[in-house]
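Everything below concerns the one structure shown next.
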Amino acid sequence: MSAVQSPAPLISQLLDTWIQGEGSQDFPMANYANAAAILYQNVTDINWVGFYLYDDTQNQLVVGPFLGKPAVALIAPEAGVVGHAFSVQETVVVDDVNTFANHIVCDPNSNAEIVIPLTTADGRRLGVLDIDSPTRQRFSAQDRANLEHFVQTLLAYVK
């Protein structure tokens with residue numbers, strides 16, 4: 001008996017449909033930008049969403065397309081939540097950023113954060129998706145699963 005596969009989260013379906021409809025499959029930066037906009041418009045109770053993209057020549061995460069207040073432009077791997085998630089290559093959910101050692105403050109109204117690595121199937125590290133919320137304990141296990149699926153959907157278009 002085969003396992004029943006869950007349907008893709010609606011947010012992932014929206015991203016896939018948007019990219020296909022725009023015909024932007026071969027334009028990674030456009031897809032990052034629209035992915036950030038889709039999340040900003042459809043995920044409630046967030047105040048910043050965007051991408052930090054890895055520059056291997058500088059060994060830095062560089063701010064990419066985002067929506068929200070201005071952000072730190074360069075983050076070293078292992079610095080803050082963004083660098084930590086990139087370094088350990090695991091999703092990091094922080095219920096209260098004020099308790100996270102070395103948290104990098106961009107928006108003082110942010111209280112919770114989720115950061116999801118962008119890593120290709122062959123192990124190439126592209127960067128991270130970073131989302132902040134003004135509400136402590138904002139990101140649930142279901143949010144994590146939906147956003148990880150969203151990242152996997154996006155990775156098909158940004159390799």
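A few comments on the model shown:
- Close amide H pairs (under 5 Å, H built 1.01 Å from N) link G127 with Y54, L118, residues at least 5 positions away or on another chain.
- About its Cα centre, the dipole of the chain is roughly 60 debye, where the only charges are +1 on Lys and Arg Cβ and -1 on Asp and Glu Cβ.
- Among E22, E90, E113, the residue with the largest mean-square fluctuation in a Gaussian network model of the chain, with springs joining Cα atoms closer than 10 Å, is E22.
- Screening the chain for DSSP H helices whose Cα atoms reach 24 Å or more along their own axis and whose mean Kyte hydropathy is at least -0.5 gives 141-158.
- When a 1.4 Å probe is rolled over the protein heavy atoms, the share of accessible surface on the chain that falls to carbon and sulfur comes to 51 percent.
- Solvent-accessible heavy-atom area per residue, rounded to whole Å², over region 67-159 at 1.4 Å: 47 Å²
- Straightening the chain between E90 and D16 buys 24.3 nm, computed as 0.36 nm per residue apart minus the Cα-Cα spacing.
- Given +1 at the Cβ of Lys and Arg, -1 at the Cβ of Asp and Glu and no other charges, the dipole of region 60-146 around its Cα centre is 120 debye to the nearest 20.
- With both labels modelled 7 Å from their Cα along Cα-to-Cβ, the A101 to D55 distance reads 2.9 nm.
- Selected from A35, A101, A71 as most flexible by GNM, with the chain as the system and alpha-carbon contacts under 10 Å: A101
- Cβ-derived FRET efficiency at R0 35 Å, Q25 paired with T135, nearest 0.05: 0.50
- Computed [θ] at 222 nm, helices only, for the chain once each DSSP H run of length n ≥ 4 contributes -39500 (n - 2.57): -11000 deg cm²/dmol
- Karplus-derived HN-Hα couplings along region 49-66 (A = 6.51, B = -1.76, C = 1.60, θ = phi - 60°), whole Hz, x at Gly and Pro: 8, x, 10, 10, 10, 7, 10, 6, 6, 9, 6, 9, 8, 10, 4, x, x, 7
- Of V82, V43, V93, the residue with the greatest mean-square motion in the GNM of the chain, using alpha carbon springs below 10 Å, is V43.
- Environment charge at S110 (Cβ cut-off 14 Å; Lys +1, Arg +1, Asp -1, Glu -1): -4
- Q152-D45 pseudo-label distance in nm [points 7 Å out on the Cα-to-Cβ vector]: 2.6 nm
The values are calculated or read from the model by the stated rules, or taken from the named source; none is laboratory data. Values in this document were obtained by computation on a predicted structure and should not be read as measured data. For neighbour counting, all protein chains shown are included, and Cβ atoms are generated from backbone atoms with ideal geometry for every residue, glycine included. Quick note on the areas: whole protein, heavy atoms, side chains included, nothing else; ligands and nucleic acids left out. Shrake-Rupley method; radii C 1.70, N 1.55, O 1.52, S 1.80 Å.
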